[in-house]
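The structure follows.
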Amino acid sequence: MAHTVPGVISTHGIAVHDYGTHKMVSLHVEVEGSLPLTEAHDIADKVEDVINEDLYAVTTVHLDSYRDDPHS
Ligand SMILES: [Zn+2]
């Protein structure tokens, strides 16, 4: 679902914690490494909005640049 946001290359490291009344979601989002930080942050905000609406969750996105070494 995060892939529906333009600029998202891939996601990994998704964690969901269900607290009953709400969920907390965290994930890593890879964006093109040459993107200005402000654009990358806009993408992260959109990903958070999409997941928040889908899952009624509070979402935290960690940005990775695409050319970084992969990690989990
Ligand atoms: Zn990562």
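What residue, among those in segment 23-35 that are within 18 Å of residue 10 (Cβ to Cβ) and within 13 Å of the chain's Cα centre (by Cα), is farthest from the ligand (Cβ to nearest atom)?
Across segment 23-35, the extreme among qualifying residues is 25.
Still on this model: I'd like to know if segment 36-53 contains one or more residues that are within 16 Å of the ligand (Cβ to nearest atom) and small (Gly, Ala, Ser).
Yes, some residue in segment 36-53 is within 16 Å of the ligand (Cβ to nearest atom) and small (Gly, Ala, Ser).
Sticking with this one: Quick one: what pairs do we get from segment 1-22, first residue farther than 19 Å from residue 67 by Cα and more than 16 Å from the ligand (Cβ to nearest atom), second in a loop (DSSP other than H, G, I, E, B) and among the hydroxyl-bearing types (Ser, Thr, Tyr), C-beta under 9 Å, 6+ apart or different chains?
If the second residue must be in a loop (DSSP other than H, G, I, E, B) and among the hydroxyl-bearing types (Ser, Thr, Tyr), the pairs left are 22/56.
Could you check, for segment 16-25, whether at least one of its residues is at pLDDT 95 or above, in contact with a Ser or Thr (Cβ under 6 Å, 6 or more places away or on another chain) and aliphatic (A, V, I, L, M)?
Among the residues of segment 16-25, at least one is at pLDDT 95 or above, in contact with a Ser or Thr (Cβ under 6 Å, 6 or more places away or on another chain) and aliphatic (A, V, I, L, M), which makes the answer yes.
For residue 62, work out the one condition from (1) modelled with pLDDT under 95; (2) within 11 Å of the ligand (Cβ to nearest atom); (3) within 12 Å of the chain's Cα centre (by Cα) it doesn't fulfil.
(1)
The values are calculated or read from the model by the stated rules, or taken from the named source; none is laboratory data. Given the structure is predicted, the values throughout are model-derived calculations rather than measurements. When we count neighbours, we look across all protein chains shown, and the Cβ atoms used for this are built from the backbone with ideal geometry, even at glycine.
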